[in-house]
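Here is the structure we will look at, set down as structure tokens.
The values are calculated or read from the model by the stated rules, or taken from the named source; none is laboratory data. What you see is a predicted model, and the numbers here were worked out from it, not measured in a lab. Reconstructed Cβ throughout: ideal geometry from the backbone, glycine too, with neighbour counts over all protein chains shown. Accessible surface areas use protein heavy atoms only, side chains included; no ligands, DNA or RNA. Shrake-Rupley method; radii C 1.70, N 1.55, O 1.52, S 1.80 Å.
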Amino acid sequence: MKEKENVIMWTVTAAVLFCLELIAVTLTPLAKIGNGTRFGSAGMYFNLMMCGGSYMVPLIFYCLNIRLMKYVIACVNALWLICHPVIAVICFTAAFTTASGTAEYLICIIAGGLAVFSFAVSVLWFPMCRKKK
């Protein structure tokens, strides 16, 4: 695969997984606590646009042959990399403490699993996109 196609594929994968993770978190019991971002709320859509946009805007410029954007995407990826383990720990903890039924338990496990998978893809982004072919 060419370098540009590799960066596009890994960046889109990281962005989609992160957005799926955020959607899954809005379905957990954690979203009901306090002023949490609930599924379908304006806050959920704002978070999706902010997180997805932070990947997609530099990617669009990278596709327009502004090679510097690859490093901007790397910085964005590193920034969001911090929150995946935190979300995973919170979701797995919530599965055993606040989940009151099978559905809530399952969505907490799914959200935590997506966080772990997002973390793995974000970590793999760096060696996979750094290569020049």
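Counting only protein heavy atoms and a 1.4 Å probe, tell me what percentage of the range 1-115's accessible area is made up of carbon and sulfur. For the range 1-115, the apolar C and S fraction of the accessible surface comes to 77 percent. Mean separation of Cα pairs under 8 Å and 6 or more residues apart, divided by the residue count, gives the range 1-72 a relative contact order of 31 percent. Projected onto its three principal axes, the C-alpha set of the range 1-55 covers 47, 17, 13 Å, listed from the longest axis down.
With kT/(6 pi eta Rh) evaluated at 10 °C and eta = 1.306 mPa s, and Rh the Kirkwood radius from Cα pairs, the range 76-130 diffuses with a coefficient of 135 µm²/s according to Stokes-Einstein.
Only alpha carbons enter this Debye calculation for the chain, each as an equal point scatterer, and the log10 of I(q)/I(0) it gives at q = 0.10, 0.11 Å⁻¹ is -0.35, -0.42.
The residues of the range 50-106 present an accessible area of 57 Å² per residue when probed at 1.4 Å with all protein chains retained. Using a probe of 1.4 Å, the accessible surface attributed to Thr37 totals some 50 Å² when neighbouring protein chains are kept in position.
When the surface is traced with a 1.4 Å probe over the full set of protein chains, Ile73 keeps roughly 0 Å² accessible. Dipole orientation for the chain: of the candidates Ile73, Ala94, Cys19, Ile73 has the Cα lying most toward the positive pole (charges on Cβ; Lys, Arg +1; Asp, Glu -1). Charges were assigned to the Cβ only: +1 to each Lys and Arg, -1 to each Asp and Glu. The resulting dipole of the range 1-118 about its Cα centre is roughly 220 debye. For the range 7-133, relative contact order (Cα pairs under 8 Å, six or more residues apart, normalised by length) works out to 37 percent. The alpha-carbon atoms of the range 14-92, seen along their principal axes, cover 44, 25, 16 angstrom, with the largest extent given first.
Estimated purely from DSSP H runs of n ≥ 4, each contributing -39500 (n - 2.57), the mean residue ellipticity at 222 nm for the chain is -27000 deg cm²/dmol once divided by its residues. Placing unit charges on the Cβ atoms of the charged side chains and taking the dipole of the chain about its Cα centre, the candidate lying farthest along the positive direction among Cys51, Cys129, Ile107 is Cys129.
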